Amino acid sequence: MPLGVESLKKTVVVSLWNDLATSIGQELLDNADKSPIVAIKSLKVGDFQGVSLSTLTRSTVLVNTDMPESKKLRSWYDSEGKEASMASVGSGMSPSSKGGMQSMYSDRVRLSYITSNPSLGEDKPAFFSIRAYISFIKPDQTMWYRACKTCNKKVTDAIGSGYWCEGCQKNDEECSLRYIMVVKVSDASGEAWVSVFNEQAEQIIGCSADELDKLESQEGDQNLYQLKLKEATWVPYLFRVSVVQNEYMNEKRQRITAKSVAPVDFAAESRLLLEDISKMKVSQ
């Protein structure tokens with residue numbers, strides 16, 4: 001898919017999540033042979049295959065709009081774009097030029113490698129990529145915090161009414177909820193608890209923290225909240241994680257945090273497996 005203007009001649013992977021995947025995603029699949037023009041607002045930039053884009057709960061996706069940019073892109077594509085040679089927007093970029101991002105396929109390890117090495121992250125954070133299933137989400141944990149709508153920092157109850165943000169030094173009548181939770185992930189080698197923050201949690205749960213809070217608050221409908229969490233389990237993901245050592249009660253503990261989450265690309269996974277097999281043959 002051309003990114004932005006036709007002069008770039010680049011492609012990028014865009015992952016549609018949740019309702020967008022089943023509605024707009026199906027529409028795009030049905031009309032793929034017609035090469036629809038897609039406009040998307042509010043995306044998360046990730047490091048899958050170098051550079052990738054993912055929709056959020058607030059994302060807006062429009063197909064074949066009447067915007068001048070869409071018409072210009074359509075004209076270019078029909079006249080020359082469909083025959084043009086295009087490269088990935090992340091190709092040829094070094095990790096430093098991508099803001100230090102690494103691919104989901106670099107530093108790939110099994111969970112047991114992390115959990116069996118308690119010294120990992122002792123001096124500085126260690127970063128790895130893993131492929132794992134989310135096997136459990138504790139429903140009774142503190143899953144979100146009240147956040148300032150301007151800076152996303154934690155707010156407290158203000159005197160009288162509203163919420164006080166220390167960062168912005170102001171009161172607001174409203175606040176938003178942002179995820180801060182832990183999930184258990186599992187692969188063939190073992191399991192581990194992973195800390196997950198708002199954007200990654202929205203991808204995993206499939207809704208915002210405000211929406212999940214409404215499900216939990218509905219009287220007599222606690223099952224909807226439990227069901228939402230259950231639906232998020234036993235789904236495979238690619239994780240880019242950091243590992244650090246935190247001290248608690250004079251005891252060092254390993255903390256694993258998800259920095260990015262992406263759906264599994266089984267074609268890419270197959271290529272990775274074939275590369276590993278080739279390396280094994282060479283070493284024999």
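Count neighbours as other Cβ atoms within 10 Å of each site's Cβ, and list the GluC sites (Glu not before Pro) in segment 111-215 that are DSSP loop with at most 10 such neighbours.
Details: sites: Glu122, Glu166, Glu173, Glu174, Glu191, Glu199, Glu202, Glu211; in loops: Glu122, Glu166, Glu173, Glu174.
Within segment 111-215, the qualifying GluC sites (Glu not before Pro) (loop, at most 10 other Cβ atoms within 10 Å) are Glu173, Glu174.
Which entries in the list Lys154/Lys259; Lys82/Lys228; Lys41/Lys153; Lys170/Lys214; Lys34/Lys230 go over 30 Å, if you measure between the two C-alpha atoms of each? Kindly include the intermediate steps, with their values, before the conclusion.
Working: Lys154/Lys259 20 Å; Lys82/Lys228 41 Å; Lys41/Lys153 24 Å; Lys170/Lys214 26 Å; Lys34/Lys230 37 Å.
Going by Cα-Cα distance, Lys82/Lys228; Lys34/Lys230 fall outside the 30 Å limit.
Each value in this text was obtained by applying a stated rule to the coordinates, not by laboratory testing. What you are looking at is a predicted structure, and each value in this text was computed from that prediction instead of being measured. Glycine also receives a Cβ, built like all others from the backbone with ideal geometry; neighbour counts cover every protein chain displayed.
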